[in-house]
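S.K.: Would you mind keeping the following structure in view while I ask a few things?
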Amino acid sequence: MDDDPNIETRPSLRGFLELYAAGFVEREEMLSAVASWPFEDEQSDPEPEDQDNTLAVVSAARILGQLTREDIEEIQRRLEGPIA
């Protein structure tokens, strides 16, 4: 069976956060996954709506009420890592 190169195989952060907001993912799992997510660079010329793996998706999830302020703070803390 040939692999179709046009099929998207990367996970979607937007989709993952929707699952979290719907209660299908535990908070600790979400925090760990988002903090280690392979974020893409944001493209802004023009701003594509299909970029599902950028930090802007995390910001949008906060605005949409999918993430709390505490969630964002904990994600930021984990992204920064331990202070040396």
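The values are calculated or read from the model by the stated rules, or taken from the named source; none is laboratory data. Just so you know, these numbers come straight off a predicted model, no measurement behind them. Quick reminder, even Gly has a Cβ in these numbers, built from the backbone with ideal geometry, and neighbours come from all protein chains shown.
S.K.: Counting only residues that are modelled with pLDDT of 90 or more and not hydroxyl-bearing (Ser, Thr, Tyr), how many does segment 1-38 have?
M.R.: Of the residues in that region, 23 qualify.
S.K.: For segment 74-84: of the residues being charged (D, E, K, R) and over 19 Å from Glu18 (Cα atoms), which is surrounded by the most Cβ atoms within 10 Å (Cβ to Cβ)?
M.R.: So, considering only residues that are charged (D, E, K, R) and over 19 Å from Glu18 (Cα atoms), the one surrounded by the most Cβ atoms within 10 Å (Cβ to Cβ) is Arg78.
S.K.: Another question about this same structure. Which of (1) farther than 13 Å from Arg14 by Cβ; (2) at pLDDT 90 or above does Pro46 not meet, given it meets every other one?
M.R.: Against the list (1) farther than 13 Å from Arg14 by Cβ; (2) at pLDDT 90 or above, Pro46 comes up short only on (2).
S.K.: Let me ask something additional. Is segment 52-70 home to any residue that is surrounded by 12 or more Cβ atoms within 10 Å (Cβ to Cβ), more than 18 Å from Met30 (Cβ to Cβ), at pLDDT below 90 and under 12 Å from the mean Cα position of the chain (by Cα)?
M.R.: no
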